[in-house]
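Step one of this worksheet: look at the structure below.
The values are calculated or read from the model by the stated rules, or taken from the named source; none is laboratory data. All of these numbers come straight from a predicted model, not from anything done at the bench. With ideal geometry, Cβ positions are generated from the backbone for all residues, glycine too; neighbour counts draw on all protein chains shown. What goes into the accessible areas is simple: the full protein's heavy atoms, side chains included, and nothing from ligands, DNA or RNA. Shrake-Rupley method; radii C 1.70, N 1.55, O 1.52, S 1.80 Å.
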Amino acid sequence: MGEACVADAFGQFMIMKKYFFLLAVLVLGIALTGTGCKKTAEETAADGKVIKVGEFASLTGKEAAFGQSSHKGTLLAVDDINASGGVLGKNINLVYEDNQSKPGESATIVRKLISRDKVVAVLGEVASGRSLEAAPICQDNKIPMISPSSTNPKVTAVGDYIFRVCFTDPFQGKLLANFAKNSLKANRVAMLTDVAAPYSVGLAGFFREPFTANGGTLVAEQKFSSGDKDFKAQLTAIKAANPEAIFVPGYYTEAALITQQARQLGITVPLFGGDGWEAPELLQIGGSAMEGTYYSTHYSAEDTAPAVQEFVKKFRAKFGGETPDAMAALGYDSAMVLADAMKRAGTTEEPKLRDAIAATKDYVGVTGKTTLDAERNATKGAVIITIKDGKFKYVETINP
Ligand code: PHE
């Protein structure tokens with residue numbers, strides 16, 4: 001707001017002073033916000049002409065594939081929202097930052113997004129460990145956080161401001177246990193868990209329980225830590241236990257290296273994992289060793305549902321022909337669910353926005369219908385993907 005504008009407004013105030021005081025105040029208000037004054041972008045934002053939404057993502061580093069995909073989906077959603085008139089008469093302005101896939105960074109970033117950028121809500125993350133870092137900060141500040149694709153139950157358990165638009169790992173673990181038993185016909189399974197990732201530790205447990213309750217045996221349980229590159233010792237022990245399949249609840253980098261090294265050691269049984277395997281890098285790192293492996297995830301671009309095909313088309317057009325994966329689809333839906341809640345709330349203020357997100361019911365998105373339950377989780381179907389002839393191939397859909 002320039003000085004001239006203030007002087008101008010003051011002049012109008014002097015003329016109006018013979019009228020009722022209330023009227024004068026009203027006119028002063030109008031003069032101060034009038035179009036006569038040019039404002040910088042910051043001033044406009046501060047005036048609330050845009051709605052600032054924060055996003056934290058692993059845009060670089062070990063799980064860059066997660067952040068890149070999720071971010072692109074989120075960007076496409078913001079484009080779509082703004083192209084159709086925005087929300088509450090304003091455009092959404094996505095303020096995003098890269099946590100470099102590094103521990104500790106997400107907390108710092110989210111603190112900045114809230115205190116410096118004054119975002120009204122936060123979108124993120126993919127990896128449960130990083131969502132778990134940011135969630136307490138959002139909760140303490142009463143800023144709603146919507147994770148697109150963190151599946152560990154502990155994420156939303158942080159508090160009533162934390163939501164997710166994907167299924168959780170108790171569901172994923174159980175479906176993988178059924179898949180091992182019924183589709184792979186494996187009663188003897190070995191498991192290799194990333195003890196440094198809350199996602200991996202969680203999913204291992206949610207697999208173990210239903211698998212063994214159903215008569216299956218875990219013939220070997222081995223451990224590794226995110227970033228490890230040599231898995232020969234664990235795989236040698238697993239080979240000796242003679243499993244019919246190997247479950248690797250972990251992320252794509254290690255999953256691909258583990259599969260490669262298993263084949264080098266002459267292990268021929270199928271390997272399988274959860275959504276952490278989903279990334280084009282799985283094939284780039286693992287190469288032909290990935291043939292005949294399986295994993296569960298949230299969506300398939302091969303789905304013929306009109307909502308999916310329209311999304312795939314728009315995503316390809318915006319990102320140079322790239323086919324969106326599950327993280328992109330969930331990133332898209334996370335922003336859409338937020339915008340829908342803002343519209344229903346009629347405001348971005350708390351606790352009204354939080355309450356509107358919590359009330360999300362049958363919101364039709366790319367990854368199916370989102371209804372948030374009392375624990376702020378979604379219930380959705382999963383798909384099984386296999387690798388065949390060097391390509392990801394859809395196998396089946398498993399509904400809750
Ligand atoms: N569900 C994983 C986690 O919670 C992240 C993930 C989601 C990875 C979707 C790939 C696809 O850590």
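State the percentage of accessible surface on segment 301-400 attributable to carbon and sulfur atoms; use a 1.4 Å probe and exclude ligands, DNA and RNA. Mind dumping the intermediate values first?
Details: 2470 of 4820 Å².
Using a 1.4 Å probe with all protein chains present, segment 301-400 comes out at 51 percent carbon and sulfur.
Give the separation of the Cα centroids, segment 60-104 to segment 245-297, in Å.
Going from one Cα centre to the other spans 28 Å.
When the dipole is taken about the Cα centre of segment 119-277, and only Lys, Arg (+1) and Asp, Glu (-1) are charged at their Cβ, what size is it in debye, to the nearest 20? Present the calculation step by step, with values, prior to reporting the outcome.
Working: 14 positive and 13 negative charges, 94 e Å.
Dipole size: approximately 460 debye.
Once phi is turned into ³J(HN,Hα) by the Karplus curve 6.51 cos²θ - 1.76 cosθ + 1.60 with θ = phi - 60°, what whole-Hz value does each residue of segment 359-368 show in order, with x for glycine and proline?
The phi angles translate into 8, 4, 9, 6, 6, 8, x, 6, 9, x Hz.
Order 333, 160, most accessible first, counting only protein heavy atoms with a 1.4 angstrom probe.
Values: 333 0, 160 65 Å².
Ranked from most to least accessible, the order is 160, 333.
Compute a Gaussian network model of the chain, connecting alpha carbons closer than 10 Å, and tell me which residue from 235, 265, 132 fluctuates the most.
265
Kindly work out what percent of the DSSP beta bridges joining two residues of the chain are antiparallel, to the nearest 5.
On the way: 16 of 46 bridges.
Among the beta bridges of the chain, antiparallel pairing accounts for roughly 35 percent.
Give, rounded to the nearest 20 debye, the magnitude of the charge dipole that the chain has about its Cα centre when Lys and Arg contribute +1 at Cβ and Asp and Glu contribute -1 at Cβ.
Numbers: 43 positive and 44 negative charges, 59 e Å.
I would put it at about 280 debye.
Place +1 on the Cβ of every Lys and Arg and -1 on the Cβ of every Asp and Glu in the chain, take the dipole about the Cα centre, and give the residue among 289, 70, 367 whose Cα lies farthest towards its positive end.
Going by the Cα projections, it comes out as 367.
What's the Kirkwood radius of segment 170-297 in Å, using all Cα pairs?
Values: mean 1/r = 0.0713 Å⁻¹.
Kirkwood hydrodynamic radius for segment 170-297: 14.0 Å.
At a 1.4 Å probe, what is the % contribution of carbon and sulfur to the accessible area of segment 170-297? Each step should come with its number before you reach the end.
On the way: 2400 of 4730 Å².
Reported share for carbon and sulfur atoms: 51 percent.
Amide H neighbours of residue 383 under 5 Å, at least 5 residues apart or on other chains, H built in the peptide plane: list them.
Long-range HN contacts for residue 383: 297, 298, 299, 398.
Using alpha-carbon pairs under 8 Å, 6+ residues apart, how would you state the relative contact order of segment 170-297 in percent? Could the numbers behind the result be given before it?
Details: 240 pairs, mean separation 32.3, N = 128.
It comes to 25 percent, rounded to a whole number.
Using the per-residue mean of other Cβ atoms lying within 10 Å as a proxy for protection, in what order, highest first, do the peptides 94-102, 321-329 fall?
Values: 94-102: 20.0, 321-329: 23.2.
Taking the mean over residues of other Cβ atoms within 10 Å, the ranking is 321-329, 94-102.
Would you mind giving the average projected area, over all directions, of the Cα convex hull of the chain in nm² with one decimal?
Details: hull surface 86.3 nm².
Over every viewing direction, the Cα hull of the chain projects on average to 21.6 nm².
What accessible area per residue, rounded to a whole number of Å², is obtained for segment 170-297 using a probe radius of 1.4 Å? Let's see the in-between values first.
Details: 4730 Å² over 128 residues.
That works out to 37 Å² for each residue.
Between residue 164 and residues 5 or more places away or on another chain, which pairs have amide H atoms under 5 Å apart, with H built 1.01 Å from N, and which residues are they?
When sequence neighbours closer than 5 places are left aside, the close amide H contacts are 147, 378.
Given 0.36 nm per residue, what is the gain on full extension from residue 117 to residue 291 after removing their alpha carbon distance, in nm? Before the final figure, lay out the partial values.
Details: separation 174, 0.36 × 174 = 62.64 nm, distance 4.60 nm.
That works out to 58.0 nm of additional length.
For the pair residue 209/residue 157, report the inter-label distance in nm, with labels modelled 7 Å from Cα in the Cβ direction.
Rounded to a tenth, the inter-label distance reads 0.9 nm.
Given H placed 1.01 Å from N in the peptide plane, which residues other than close sequence neighbours of residue 126 have an amide H under 5 Å from its amide H?
So residue 126 has HN proximity to 58.
Which is the longest stretch in the chain that no exposed loop site breaks, taking sites as trypsin sites (Lys or Arg not before Pro) with a DSSP loop state and at most 11 other Cβ atoms within 10 Å?
Details: sites that count: 17, 18, 38, 116, 185, 229, 361.
Of all site-free stretches, the longest is 230-360.
Farthest toward the dipole's positive end in the chain, which of 89, 121, 385, given Cβ charges of +1 (Lys, Arg) and -1 (Asp, Glu) about the Cα centre?
The one lying farthest along the dipole's positive direction is 89.
Between 346, 173, 274, which gets the highest mean-square fluctuation from a Gaussian network model of the chain, Cα cutoff 10 Å?
346
With axes computed from alpha carbons, what is the tilt in degrees of helix 198-213 against the longest principal axis of the chain, rounded to the nearest 10 within 0 to 90?
So the inclination is approximately 50 degrees.
Per DSSP H run of n ≥ 4, the term is -39500 (n - 2.57); total these for the chain, divide by its residue number, and report the mean residue ellipticity at 222 nm rounded to 500 deg cm²/dmol. Could you put the intermediate results ahead of the total?
Values: 15 runs with 176 residues, N = 400.
Calculated from helices alone, the mean residue ellipticity at 222 nm is -13500 deg cm²/dmol.
Using only Cα atoms, find the angle between the long axis of helix 64-83 and the longest principal axis of the chain, and express it within 0 to 90 degrees, rounded to the nearest 10.
Helix 64-83 sits roughly 40 degrees off the main axis of the chain.
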